[in-house]
1. Hey, B:P46 hits all of (1) within 43 Å of the chain's Cα centre (by Cα); (2) farther than 24 Å from A:E55 by Cα; (3) surrounded by 18 or more Cβ atoms within 10 Å (Cβ to Cβ) but one; which does it fall short on?
2. Hey, can you tell me all the residues within region A:80-100 that are within 7 Å of chain B (Cβ to nearest Cβ) and of a type in the set (A, V, I, L, M, F, W, C)?
3. Among the residues of region A:251-289, write down those that are charged (D, E, K, R) and buried (at least 17 other Cβ atoms within 10 Å of the Cβ).
4. So, in region A:260-277, exactly how many residues are closer than 16 Å to A:G220 by Cβ and modelled with pLDDT under 95?
5. Would you be able to tell me the number of residues in region A:115-131 that are in contact (Cβ under 8 Å) with a residue 40 or more places away in the chain and buried (at least 22 other Cβ atoms within 10 Å of the Cβ)?
6. Restricting to region B:60-79, count the residues that are facing chain A (nearest Cβ under 7 Å) and closer than 22 Å to A:A99 by Cα.
7. Condition first: out of contact with any Lys or Arg (no Cβ under 9 Å at 6 or more places or on another chain) and buried (at least 16 other Cβ atoms within 10 Å of the Cβ). Now tell me which residues in region B:291-320 satisfy that.
8. Condition first: farther than 30 Å from B:N45 by Cα and acidic (D, E). Now tell me which residues in region A:21-58 satisfy that.
Number of protein chains: 2
Amino acid sequence: MVDIARLAGVSVATVSRALTGSPLVTAETRERIEAAVRQTGYAVNPLARGLRRQEARQILVLVPDIGNPFFSEVLLGIEEEAAARGFSMLVGNTAKDPAREDRHAGQLLTGAVDGLILVNGRLPPRLQRDRDFDGRIVAVSEAIPGGRVPVVGIDNAAAAAAAVAHLAGLGHRRIGHVAGPEGNILTRQRLAGYGAGLRAAGIEAEPDLIRHGDFTIPSGESAMAALLALPTPPTAVFCSNDEMAIGAIRALRIIGREAPRDVAVAGFDDIQFAGTYEPPLTTIRQPRRRMGAEAMALLGRRIAAEPGAGGDVTLPFALVERRSSVR
Amino acid sequence: MVDIARLAGVSVATVSRALTGSPLVTAETRERIEAAVRQTGYAVNPLARGLRRQEARQILVLVPDIGNPFFSEVLLGIEEEAAARGFSMLVGNTAKDPAREDRHAGQLLTGAVDGLILVNGRLPPRLQRDRDFDGRIVAVSEAIPGGRVPVVGIDNAAAAAAAVAHLAGLGHRRIGHVAGPEGNILTRQRLAGYGAGLRAAGIEAEPDLIRHGDFTIPSGESAMAALLALPTPPTAVFCSNDEMAIGAIRALRIIGREAPRDVAVAGFDDIQFAGTYEPPLTTIRQPRRRMGAEAMALLGRRIAAEPGAGGDVTLPFALVERRSSVR
DNA sequence: TTGTATGCGTTATCAG
DNA sequence: CTGATAACGCATACAA
């Protein structure tokens, strides 16, 4: 910067002002400075600027598994919005390990990042104690227990109810549910929606028709196998995510049956291969990318301490009807 | 830090030394300092440290599409190795847009990041001119034209040849190829391997049996449709990636045929759903995660200016035989 | 409108 | 082994 100052025949202060768009600079001097910048290819040092301004213009996203396509598409939305707002995106993989969560969260305490986006459904331990940074944290997709941090996502219960209504509308009365792991918030919300959907259709709930998996294909397969071993198996099944729905279809195939002929199957998420699978999956589409973008927008507003940067953001979902549920 | 110094009754210089693990500190003073640190929850400011040391302890990964599972698993490997080496990972989505590439690459010039990992197959324009940062750039998966930057990946030609050898070994003599977009390096390498594989099996190449797609499912579908419309269609097809292989299988299905009964199909990459698809896909497995990790390790060595931080790293691939190719 | 001076939080140099 | 101090590059308060 001192070079630019010399080249343009001004002080570094003026260069700084010109570069930050201060109105206190003559058009003419600004022009000289910009010329010098172009000539030398100079660029402001973000570390020095950050040190001075006490901000990093960086945000951190905590993800349990970057490799999971669901999360990576949320990341895409975050990145776009972050770039648009002049932020860079750091990504930390937690693998659900509290120690890693804490290590990454440390970046918020040190000032390495200005904000945090949680895609992993919980606050890192050290942040549970320390409430000083609540204003710089938002969650996406999955709510955080405690209600301290705002969430951006869909109405999971309503979406689950919509899926069940769809199956009931097809004439099914025995509708099973392959739920996620117990204790998980999404599991609870979708389970609640499942129950509400049954009620709305005038169907009596039957605890035996509910089995828990862990959101993986194999777990969906065994949950469905258990359902099929029932004296009176369900004629339709709503699964808490698409992976388990695929597992359910495999379980059918293994015993020589198939979806939707023998059992209708619906999933949740509309992952990339949901529409490509055989049969294509009926599912709930979440606006993943937009969820990421909205989360970043919210975080940006909170960091800037904008007044309206309030609570949760609920985005619309869509029921996507495909062959797996329709005869 | 000044607080710590006061608490421990030493100077900031000593605190700094203790915190950086300098041997020039008494065990006793170090203990006092560490106690003060624990008590206050103090953490070093990375911006100030970076400004002073002229390093950011951050690296940037340029990806064309974070949402793509192939890339996101490479990211996983990068993140793990980066964390292990004390680096944070920034992710920049380029969407193949040169302007975005340049904007992100700027972070290398400003010192915001210490190194760059390219997963998008090419150097951002401004870095093509400026060779000053060559020592801080590595590529993964896809080689960069020009040979200036070292690549971490598999031997794509050999892998393609192995896939073709597999199909030939099954007795096929008319083996088609659904290639990637023309001009793409991976396309060229795999196309070359396809040719080599045919030659090794004593099969004469036939230009008509080669169609180009763009690595998407629909493009694979139409490429395969064209192949099937030939007077004498191939009895086996090697596709340059799994998405196009899935498209090829769909093309078969549309005209009432199926894989592998009518045409054997092999893909490339072993993406997440390759093993789950119906039929499960025969494909080439790339060690994506390890590729990411090795790339980061290489970059780390280069940044540290370690002597042995030389050229390309070639990792082993594996031919995964599944039902799509076997009768 | 511009320049001077100071401090952001660290680390490295140089004395002691 | 420890302390004082300069410097990293920038942005702002204060003067002019």
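The values are calculated or read from the model by the stated rules, or taken from the named source; none is laboratory data. Since we're looking at a predicted model, the values are computed, not measured. Here the Cβ is made from the backbone with ideal geometry for all residues, glycine too, and neighbour counts use every protein chain on show.
1. (2)
2. Passing the criteria: A:M89, A:L90, A:V91.
3. Within region A:251-289, A:D269, A:D270, A:E278, A:R285, A:R288, A:R289 meet the criteria.
4. 4
5. Summing the residues that are in contact (Cβ under 8 Å) with a residue 40 or more places away in the chain and buried (at least 22 other Cβ atoms within 10 Å of the Cβ) in region A:115-131 gives 7.
6. Going through region B:60-79 one residue at a time, the tally reaches 4.
7. B:M291, B:G292, B:A293, B:E294, B:A295, B:L298, B:R301, B:V313
8. A:E28, A:E31, A:E34
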